[in-house]
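What follows is a set of notes on a single structure, which appears directly below.
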Amino acid sequence: KKITEIAAVGTAGGTGFTADGIVNAGADFAVACLCSQLNPEEDIGQETTGIVDWVLGVESGNTDVTDLTIDDYIAFKAAGIMAVRVDGSVTIQSAVTSVDPTLYASLVPANRRRFSYFYQDSVSQFSRAFVKKLQTKERRGLLVARCNSFAGDRVAAGRAESKLIDGSKAAGNTPESLARNVFITVHKIRSLPTFGVIELKTEIGNEVVTTEL
């Protein structure tokens, strides 16, 4: 990253200052920028966001990362590492978590984790108003209605990029659980998949047979 204030002072500024103002910053800084500006259900590995165009390269002076290949990024992904790629544009090659993909493949995408935090934090906040109050049928219905309303807002036409198929519902309650002052809601949310991999299959030639769709 180039910081004009550092460039203006140059090496005279001492430790951390450079002649051209270019300094190394941790990749977590770029990841944080993407997470803070993209909706939680979005994959931060998408290209052309322009959010981290200030990244100029990958760790200057480190010969181990000067010629990263696709095999390196495959290894990064397998290890649960969000590695920066600079190839015409700046991207996070794979937005993944450190979950073992051979054991829990559905938990690997980072956007699933981000959205789950967003949803859980949100519903927990408006559930606090009910804590320690009497479990009347009206309050039970109101709590469930608020959960359904929040999930329903995510499928509104104005928020199509956040479409969720299933809302939330109360389930699993028994007379015994209610007697223990426990009220259970089960929230099932199915989010839209991303274009994780796009296969472009071509067949070109004078003898290719085509059909109309």
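The values are calculated or read from the model by the stated rules, or taken from the named source; none is laboratory data. What you see is a predicted model; the values in this text were computed from it and never measured. Cβ placement follows ideal geometry from the backbone for every residue including glycine, while neighbour counts extend to all protein chains displayed. Calculation scope for accessible area: heavy atoms of the full protein, side chains included, ligands and nucleic acids excluded. Shrake-Rupley method; radii C 1.70, N 1.55, O 1.52, S 1.80 Å.
Odds and ends about this structure:
- Heavy-atom surface of region 1-92, accessible at 1.4 Å and reported per residue (Å²): 61 Å²
- Using alpha-carbon coordinates, inclination of helix 110-127 to the longest axis of the chain, degrees: 40 degrees
- Taking Cα atoms only, the orientation of helix 137-153 departs from the longest principal axis of the chain by about 30 degrees.
- Summing +1 for each Lys or Arg and -1 for each Asp or Glu among the other residues whose beta-carbon sits under 13 angstrom from that of Leu178 gives +3.
- Carbon + sulfur, % of accessible area of region 1-61 - ligands and nucleic acids excluded, 1.4 Å: 53 percent
- Sorting the segments 95-104, 39-48 by their residues' average number of neighbouring beta-carbon atoms within 10 angstrom, most packed first, yields 39-48, 95-104.
- Note on Lys188: aspartates and glutamates with a C-alpha under 13 Å away, same-chain residues under 8 apart excluded, are Asp166.
- Shape class for the chain, computed from the alpha carbon gyration tensor (a ≥ b ≥ c): oblate, with a/c not under 1.5 and a/b at or below b/c.
- 0 to 90° range, to nearest 10: angle between helix 27-37 axis and the chain longest Cα axis: 50 degrees
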